[in-house]
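Heads up: the structure comes next, in structure tokens.
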Amino acid sequence: MTGEQKMAKGCLWMTAMVIFGAFTLVHAQGQPAKVPLDEEMEYTVVKGDTLWDISGRFYQDPFLWPRLWQQNPSIVNPHLIYPGDRIKLYPYRVLLEEKPEEAPPKPRPLKVLPLPKRIRLSLYPEVRYAGFITDMKLEGLGEIVGTKVERAMLGEGDEVYVVFKPYVKASEGEEFTVFRMGEEVIHPITKKSLGRKVSILGKIVIEGEKGEAKTARIILSYAPIRKGDRLLPYVEPVEELPTVKAESSLKGWIVASRKEVQLLGEGDIIYIDRGADDGVRPGYLFEVVQEGGSEGGSLGKSVRIPARKVGLLAVLATQRKTSTALILRSERELSVGDRIATVRK
């Protein structure tokens, strides 16, 4: 094969790859319409959908997704649509209509939802083992000192041996919470120590005695339990939490989360750097505010993007300097280091 033939073959191969890539993009979320949509319809979002994909499928142009978003004011964040959401699809010609005589539309305000008066905690499983941060030495009432079956990690149904402090009179049938002291928590902004994270691992019930120890059985396990884990009195979780009007304006930060993940959302448990010493009480609501930062404009000037309210927290429990809170709403991903401020209803 001559050099020219090889070059021609290479060009054909590259052309085929480009065509295949374009074909794959258009077909990524299903078979597209042969022509752009020419009638109004309602579409139900399925798993994996994005406005980009939907625009490509029905209008044969994924770059029309901002116009599709503009036609659906119920979509607050165009990057967060969920299975079951219903989207209005207008004919292609309607989507492209321009109205130059009208003033340019003002930025759409954020969707404002009423503040909850009561929170059904039973809807959020993590509340049962939310944990907390404490700057105090927490020894507990007793400790798991052994197991009936030698195993490193224990769970529901396993029998354990526990010993209590001399002043604790644990009787048969009495229940206790199993906890473990975690690592030191460092404030993401001030870099000061806030104490140590306390993880709630499960629940045991006392079944009898064996020498100096008592026998118990693990009846709930939220995480693996092991020898050396400690005990606190068990408190039955509440089903509902009434929200409370903040008595003063407070600001602070999200300093840690129960799960060691970077991105947080609705239903996750987080910890904040305001507590009982600051007047915080269970039921307080905090807004999450993310800084806008600066963006470079097309004219070479730096444009300041304003801060934006992106989430809502409810305080579940307080320690002296910190509180445990539940993320009730999140317009975008939240993270440790985000600012918070009390909601003054």
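The values are calculated or read from the model by the stated rules, or taken from the named source; none is laboratory data. No experiment lies behind these values; they were computed from the predicted model shown. Here the Cβ is made from the backbone with ideal geometry for all residues, glycine too, and neighbour counts use every protein chain on show.
General observations
- So LEU194, is it touching a residue at least 40 places away in the same chain (Cβ under 8 Å), in contact with a His (Cβ under 6 Å, 6 or more places away or on another chain) and in the same structural domain as GLY131 (by TED's automatic domain parsing): yes
- Residue within region 262-270 that is of a type outside the set (D, E, K, R), modelled with pLDDT of 95 or more, touching a strand residue (DSSP E or B) at 6+ places or on another chain (Cβ under 7 Å) and not assigned by TED's automatic domain parsing to the domain that holds THR147 present: yes
- Residue-level analysis places GLU183 among those that are under 25 Å from the mean Cα position of the chain (by Cα), at pLDDT 90 or above and at negative phi.
Listed here are the residues, each with its yes/no results for (1) modelled with pLDDT of 80 or more; (2) assigned to a loop (DSSP other than H, G, I, E, B); (3) at negative phi.
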position	(1), (2), (3)
PHE23	no, no, yes
VAL46	yes, yes, yes
LEU68	yes, no, yes
ILE87	yes, no, yes
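- Scanning region 168-185 for residues that are assigned to a strand (DSSP E or B) and surrounded by 13 or more Cβ atoms within 10 Å (Cβ to Cβ) yields GLU175, PHE176, THR177, VAL178, PHE179, ARG180, MET181, GLY182, VAL185.
- Which numbered condition LYS203 fails, given (1) within 20 Å of PRO125 (Cβ to Cβ); (2) in contact with an Asp or Glu (Cβ under 8 Å, 6 or more places away or on another chain); (3) modelled with pLDDT under 95: (3)
- Selection of region 197-220 for residues being within 17 Å of ALA170 (Cα to Cα), hydrophobic (A, V, I, L, M, F, W, C) and either surrounded by 15 or more Cβ atoms within 10 Å (Cβ to Cβ) or not assigned by TED's automatic domain parsing to the domain that holds MET136 (or both) yields ILE204, VAL205, ILE206, ALA213, ALA216, ILE218.
- Verdict on ASP229 being of a type outside the set (Phe, Trp, Tyr), touching a His at 6+ places or on another chain (Cβ under 7 Å), more than 16 Å from GLU333 (Cα to Cα) and crowded, with 21+ Cβ neighbours inside 10 Å: no
- Taken over region 306-331, the criterion of being basic (Lys, Arg), surrounded by fewer than 16 Cβ atoms within 10 Å (Cβ to Cβ) and part of a loop (DSSP other than H, G, I, E, B) is satisfied by ARG320 alone.
- The listed residues are VAL160, VAL168, and the only one of them that is more than 14 Å from LEU232 (Cα to Cα) and not acidic (Asp, Glu) turns out to be VAL160.
- Residues that are of a type in the set (S, T, N, Q) and in contact with a Lys or Arg (Cβ under 7 Å, 6 or more places away or on another chain) within region 210-251 comprise THR243, SER249, listed in sequence order.
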